[in-house]
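Trainee: Just dropping this structure here.
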Amino acid sequence: MLGFLTARQAGLDDPSRLRRAESTRRVLNLKLNPDRDVDRIHGNGINSIDIETIEGRYMLSGGADGVIVIYDLDNYSGKPQYTCKAVCTVGRSSRHVHKFSVETVLWYPYDTGMFVSSSFDKTMKVWDTETLKPAEEFEFESNVYSHHLSPIARKHSLIAVGTKNPKIQLCDLKSGSKIHVLQGHKAEVLSVRWSPRYEHILATASADSKVKVWDVRRASGSLFTLDQHNGDKSKSASEAVNTAHNGRVNGLSFTADGLFLLTTGTDDRMRLWNSASGENTLVNYGKVCNESRKGLQFSVSHGCSPEFVFVPCGSSVAVYVLHTGELVTMLRGHYNNVDCCKFHPDHQELYSGGKDSNILAWVPVLRTSDVEEESDQKNKGAADSSAVNRAFQDAWSSDED
């Protein structure tokens, strides 16, 4: 730590290097925090959680019971042991509540005054946070698996929606209408994600084993379809051509810089793709247990070196190094399958939700002051002072000599 500070002060190091190093240390020391609880509100499994990026203070959760909860993550007690309180709830008693399981909840990227939820009741609702009433409601012909808003869009306000119908719907927040349909998949669309780098680029994952990347400005089909064999026909059977996985693809996530795309499938594999070319980077993550029949929400770190991936894996959360595929650790604490997790880049914390109706907080272990290290530094400083070049030592003699 002192080495980083000295190098930074001397201008020898990039100012962000210390931050990345400390963020990485904190991620590598994530543990289940016994002093931090999250209010247990849901009566059934938790399918989706999201943390707003404006203040990094409020967390959304959506459950299989149709309930939506907003939590305040801040600690006002001043004590190490505290509970993240539920600020407000869209419960079963509300007439606006979703009738069936809530599959996805997302904050509006630019304002905590609005959030969006989608459900198996064939609706997607845009909520006013103040009144907890829907400001807009979109109805579909079939169950909604996933939706996503672009985190960087300035020229459009589109929400991409994946449903049991193979067609991807684009809904416009400004007009309150469904304005476009993307056709190409042959089965239900389980996950959709906008690129954090280019506002018109969208990735979609389907139960037909395919992942497609679209430019929504184009009237024709997708830009390209990801191929796990990178076009090598000799390695794939005819039915596996242009497939990303050998099963349902139920998870998608771009890296924070938008240069890479991660996918997970029911073939118990996770793959890393170059998002510009669609090339499979062939990083081997080993077996990534995936039993979900619906969408799987996993998370990628931001601000670390190297970056990490957090993936629900049975009743645990597996932590991998993004570009090498190395399994760092398994975070165990849930009593049933984990369906979603969300990384908090401001504090390097992780929140996970599962079928046991619990949200668990994984927090970095605090750095303890090392007495031996401090004494070593003092001894080193004393040795350095005694080893000063003679040219810089005081060579004056006193009159008494």
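Trainee: Would you mind telling me which numbered condition in (1) in contact (Cβ under 8 Å) with a residue 60 or more places away in the chain; (2) surrounded by fewer than 17 Cβ atoms within 10 Å (Cβ to Cβ); (3) closer than 24 Å to V189 by Cβ S220 fails?
Mentor: Only one criterion is unmet by S220, namely (1).
Trainee: Pairs under 6 Å by beta carbon, first residue modelled with pLDDT of 90 or more in region 284-313, partner open to solvent by 30 Å² or more (accessible area, probe 1.4 Å) and not in a loop (DSSP other than H, G, I, E, B), six or more apart or different chains?
Mentor: What qualifies is S299/K342.
Trainee: Taking only pairs six or more apart or across chains, which ones have beta-carbon atoms under 6 Å, a first residue in region 112-137 that is closer than 18 Å to V87 by Cβ and free of Cβ contacts under 8 Å to residues at least 60 places away in the same chain, and a second residue that is basic (K, R) and open to solvent by 10 Å² or more (accessible area, probe 1.4 Å)?
Mentor: Cβ pairs passing all conditions: S117/K125.
Trainee: For region 130-145, give me the residue count where each residue is hydroxyl-bearing (S, T, Y) and open to solvent by less than 70 Å² (accessible area, probe 1.4 Å).
Mentor: Within region 130-145, the first condition is being hydroxyl-bearing (S, T, Y), and the residues that meet it are 131, 142, 145.
Restricting the remaining residues to those that are open to solvent by less than 70 Å² (accessible area, probe 1.4 Å) gives 142, 145.
Summing the residues that are hydroxyl-bearing (S, T, Y) and open to solvent by less than 70 Å² (accessible area, probe 1.4 Å) in region 130-145 gives 2.
Trainee: Just one of S175, S191, S146, S142 is under 19 Å from E52 (Cα atoms) and either small (G, A, S) or assigned to a strand (DSSP E or B) (or both); which is it?
Mentor: Just a single option satisfies the conditions, and that option is S146.
Trainee: Would you confirm whether or not region 67-81 contains a residue that is polar (S, T, N, Q), modelled with pLDDT under 90 and out of contact with any Lys or Arg (no Cβ under 9 Å at 6 or more places or on another chain)? Don't jump to the end; show me each part of the working.
Mentor: Here is the first cut: in region 67-81, the ones polar (S, T, N, Q) are 75, 77, 81.
Narrowing the set further to residues that are modelled with pLDDT under 90 leaves 75, 77, 81.
Adding the requirement that they be out of contact with any Lys or Arg (no Cβ under 9 Å at 6 or more places or on another chain) leaves 77.
Scanning region 67-81 turns up at least one residue that is polar (S, T, N, Q), modelled with pLDDT under 90 and out of contact with any Lys or Arg (no Cβ under 9 Å at 6 or more places or on another chain).
Trainee: Okay, next question. What are the residues in region 1-53 that are of a type in the set (G, A, S), part of a helix (DSSP H, G or I) and at pLDDT 80 or above, if any?
Mentor: Scanning region 1-53 gives A21, S23.
The values are calculated or read from the model by the stated rules, or taken from the named source; none is laboratory data. Please read these numbers as outputs of a predicted model, since none were measured by experiment. All Cβ positions, glycine included, derive from the backbone under ideal geometry; neighbour counts span all protein chains shown. Remember, those area values only see protein heavy atoms, side chains included, never the ligands or the DNA or RNA. Shrake-Rupley method; radii C 1.70, N 1.55, O 1.52, S 1.80 Å.
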